[in-house]
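Peer 1: The structure follows.
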Amino acid sequence: MSPWFVWFLLYSFAGYGLEKLYAWLSRSPRQVRKCFLLLPLCPVYGLAMTALLALTPEGAGFFPLILLGGAVCTGVEYLVHLFYDKALGVQFWDYRLMRGHIRGRICPQFALIWGVLSAAAVRLIQPAAVLLADAVPPWAVFLLWMILAADAVLSWALLRRYQDTELLSAGAALAQIRASSQSDTSL
């Protein structure tokens, strides 16, 4: 189980980096491009890649990997968006301006991008990820689980209460908590 968790963390962190790079390259007004956690992780990337790794047949060619990766990653993206929307009342991304989108949750342009990126990750990154996961001692995996769990609980509470994805930075979260505690004591 621990290699899968390490891969999840690795791809979640890589996804965070991709989001930051995309925000910078596109000069997005939303530079805080994260998903769900205060940590620099985008779990949708980790979930999508671990799902793809679980479903990839041994010896799959690069082009079938693009098709499978596009389908799996886009499916995970849709389900995660639906979950965030229904369970937390937030949206981390919106593709409504893209042609062919489905409810703003997914679009064919990004499905193609996810296919190419995920196939490249399986071929180029995963061999190193296997070595990395094997090198992480069990006590470190346990510690990472605890940190992720604490972050998930705190992030869930912040999003459920305020329904503001911009709070998922340490500074913004602390400021909101302080403001709330001050307004609660002034009543």
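Peer 1: Among the basic types (Lys, Arg), at pLDDT below 95 and under 24 Å from TYR45 (Cα atoms) - does that describe any residue in segment 162-185? Walk me through it before giving the result.
Peer 2: Within segment 162-185, the first condition is being among the basic types (Lys, Arg), and the residues that meet it are 178.
Filter again for at pLDDT below 95, leaving 178.
Among the residues that remain, those that are also under 24 Å from TYR45 (Cα atoms) are: none.
No, segment 162-185 contains no residue that is among the basic types (Lys, Arg), at pLDDT below 95 and under 24 Å from TYR45 (Cα atoms).
Peer 1: Let me ask something else about it. Across segment 66-94, which residue is most open to solvent (accessible area, probe 1.4 Å) among those that are in contact with a Ser or Thr (Cβ under 7 Å, 6 or more places away or on another chain) and over 24 Å from SER155 (Cβ atoms)? Please lay out each step first, then the result.
Peer 2: Filtering segment 66-94 down to residues in contact with a Ser or Thr (Cβ under 7 Å, 6 or more places away or on another chain) leaves 68-69, 73, 90, 92.
Narrowing the set further to residues that are over 24 Å from SER155 (Cβ atoms) leaves 68-69.
On the way: LEU68: 51, GLY69: 0 Å².
This residue is LEU68.
Peer 1: Within segment 4-16, can one find any residue that is polar (S, T, N, Q) and either over 18 Å from ALA152 (Cα atoms) or in contact with a Ser or Thr (Cβ under 8 Å, 6 or more places away or on another chain) (or both)?
Peer 2: The first filter runs over segment 4-16 and keeps only residues polar (S, T, N, Q), leaving 12.
Next cut, either over 18 Å from ALA152 (Cα atoms) or in contact with a Ser or Thr (Cβ under 8 Å, 6 or more places away or on another chain) (or both) only: none.
Scanning segment 4-16 turns up no residue that is polar (S, T, N, Q) and either over 18 Å from ALA152 (Cα atoms) or in contact with a Ser or Thr (Cβ under 8 Å, 6 or more places away or on another chain) (or both).
Peer 1: When you scan segment 38-45, do you find a residue that is in a helix (DSSP H, G or I), more than 30 Å from ARG161 (Cα to Cα), touching a helix residue (DSSP H, G or I) at 6+ places or on another chain (Cβ under 8 Å) and open to solvent by 20 Å² or more (accessible area, probe 1.4 Å), even just one? Please lay out each step first, then the result.
Peer 2: To start, the set of residues in segment 38-45 that are in a helix (DSSP H, G or I) comprises 43-45.
In the following step, the residues that additionally are more than 30 Å from ARG161 (Cα to Cα) were identified as none.
No, segment 38-45 contains no residue that is in a helix (DSSP H, G or I), more than 30 Å from ARG161 (Cα to Cα), touching a helix residue (DSSP H, G or I) at 6+ places or on another chain (Cβ under 8 Å) and open to solvent by 20 Å² or more (accessible area, probe 1.4 Å).
Peer 1: Further question on the same structure: I'm checking my understanding of the structure. Among residues of segment 95-118 that are over 25 Å from PHE62 (Cβ atoms) and either of a type in the set (Val, Ile, Thr) or in contact with a helix residue (DSSP H, G or I) (Cβ under 6 Å, 6 or more places away or on another chain) (or both), which one is surrounded by the most Cβ atoms within 10 Å (Cβ to Cβ)?
Peer 2: Just the residues of segment 95-118 that are over 25 Å from PHE62 (Cβ atoms), to begin with: 95-99, 101-105.
Subset that is either of a type in the set (Val, Ile, Thr) or in contact with a helix residue (DSSP H, G or I) (Cβ under 6 Å, 6 or more places away or on another chain) (or both): 98, 102, 105.
Details: MET98: 13, ILE102: 12, ARG105: 20.
Only one residue tops the list, namely ARG105.
Peer 1: Right, next: Looking only at residues in segment 1-32 that are within 14 Å of VAL44 (Cβ to Cβ) and hydroxyl-bearing (Ser, Thr, Tyr), which one is modelled with the lowest pLDDT?
Peer 2: That would be TYR22.
The values are calculated or read from the model by the stated rules, or taken from the named source; none is laboratory data. What you are looking at is a predicted structure, and each value in this text was computed from that prediction instead of being measured. Cβ coordinates were reconstructed from backbone atoms using ideal geometry, including for glycine residues, and neighbour counts include every protein chain displayed. Ligands, DNA and RNA are excluded from the accessible area calculation, which covers all protein heavy atoms including side chains. Shrake-Rupley method; radii C 1.70, N 1.55, O 1.52, S 1.80 Å.
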